[in-house]
1. Only one residue in G10, G70 is out of contact with any Gly (no Cβ under 7 Å at 6 or more places or on another chain) and in contact (Cβ under 8 Å) with a residue 40 or more places away in the chain, so which one is that?
2. Can you tell me which of Y30, Y14, Y98 is surrounded by 14 or more Cβ atoms within 10 Å (Cβ to Cβ) and under 17 Å from the mean Cα position of the chain (by Cα)?
3. With G166, G70, G142 as the choices, which residue is modelled with pLDDT under 90 and more than 33 Å from the chain's Cα centre (by Cα)?
4. Looking at (1) assigned by TED's automatic domain parsing to the domain that holds P8; (2) in contact with a Phe, Trp or Tyr (Cβ under 9 Å, 6 or more places away or on another chain), which is the only condition E109 fails?
5. Within region 33-50, is there a residue that is touching a Phe, Trp or Tyr at 6+ places or on another chain (Cβ under 6 Å), aliphatic (A, V, I, L, M) and assigned to a helix (DSSP H, G or I)?
6. Considering only region 121-180, how many residues are farther than 22 Å from R31 by Cα, β-branched (V, I, T) and outside any helix (DSSP H, G or I)?
7. Any residue at all in region 39-46 that is closer than 30 Å to G129 by Cα and not acidic (D, E)?
Amino acid sequence: MEVYNAIPFGMSQYQIKTFVNSQETPERQYRNCLLQLSQKNHAIQECKIRRMRIEVDIDEIKEKLTVSAGYEKKRLEIDLMEKEYNMKEEVKLIEDCYYEIKTYESILETLPSFTREEFEAGEERYWKGRLMNNLKIDLLSGGRIETGTIAALEQTGIAVGRNEQGQLAYMDNNKLLEDK
């Protein structure tokens, strides 16, 4: 079925680049790409192993078909059809995985490499940026900041409160932050 194979059942390149890899910092983009590549490579290995098992099952069923008759033979024929169908499904999963891997690898090529220490050094910037973005989304979507967002911001050293005019104000290490 050619149409079936023409469309990704995994994530599209657009989806990966726009949503999955839209991390706030290069360190987080780098980490996310590595995590996704690890998961995709793991999935491919699992598919390859399942395929090997299915191939053995197919060979065994074909061998049993040569000596079976009646209902046993009919059941074996159904088992064979099922195994051959499962084999085709595995091929589709593997092909889609390879496309996703290529996308993540192309993103990685645009990013610098980071050591563990460099990654850790970027975490404060990442979390403060992410939480400030969550605060903005909370305000825009409901006009109210979730208590969890405020608590997490305060854990990072950003105090959230109101100024003399009653407007929302944020302070990071006693320095007033401006809205962006």
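The values are calculated or read from the model by the stated rules, or taken from the named source; none is laboratory data. The shown structure was predicted, so the numbers you read here are calculated from the model rather than taken from an experiment. Neighbour counts are summed over all protein chains in view; Cβ atoms, including those assigned to glycine, are modelled from backbone coordinates with ideal geometry.
1. On the way: G70 fails: in contact (Cβ under 8 Å) with a residue 40 or more places away in the chain.
Matching residue, one of G10, G70: G10.
2. On the way: Y14 fails: surrounded by 14 or more Cβ atoms within 10 Å (Cβ to Cβ); Y98 fails: surrounded by 14 or more Cβ atoms within 10 Å (Cβ to Cβ).
Criteria check complete, one pass: Y30.
3. Values: G70 fails: modelled with pLDDT under 90; G142 fails: more than 33 Å from the chain's Cα centre (by Cα).
Going through G166, G70, G142 in turn, just one is modelled with pLDDT under 90 and more than 33 Å from the chain's Cα centre (by Cα): G166.
4. Evaluating E109 over (1) assigned by TED's automatic domain parsing to the domain that holds P8; (2) in contact with a Phe, Trp or Tyr (Cβ under 9 Å, 6 or more places away or on another chain) leaves (2) as the failure.
5. Within region 33-50, the first condition is being touching a Phe, Trp or Tyr at 6+ places or on another chain (Cβ under 6 Å), and the residues that meet it are 33, 36-37.
Those left that are additionally aliphatic (A, V, I, L, M): 37.
Of the ones still in play, those that are also assigned to a helix (DSSP H, G or I) are 37.
Yes, some residue in region 33-50 is touching a Phe, Trp or Tyr at 6+ places or on another chain (Cβ under 6 Å), aliphatic (A, V, I, L, M) and assigned to a helix (DSSP H, G or I).
6. Number of matching residues: 3.
7. Our first condition is that a residue be closer than 30 Å to G129 by Cα; within region 39-46, this holds for 39-40.
Adding the requirement that they be not acidic (D, E) leaves 39-40.
Checked against the condition, which is being closer than 30 Å to G129 by Cα and not acidic (D, E), region 39-46 yields at least one hit.
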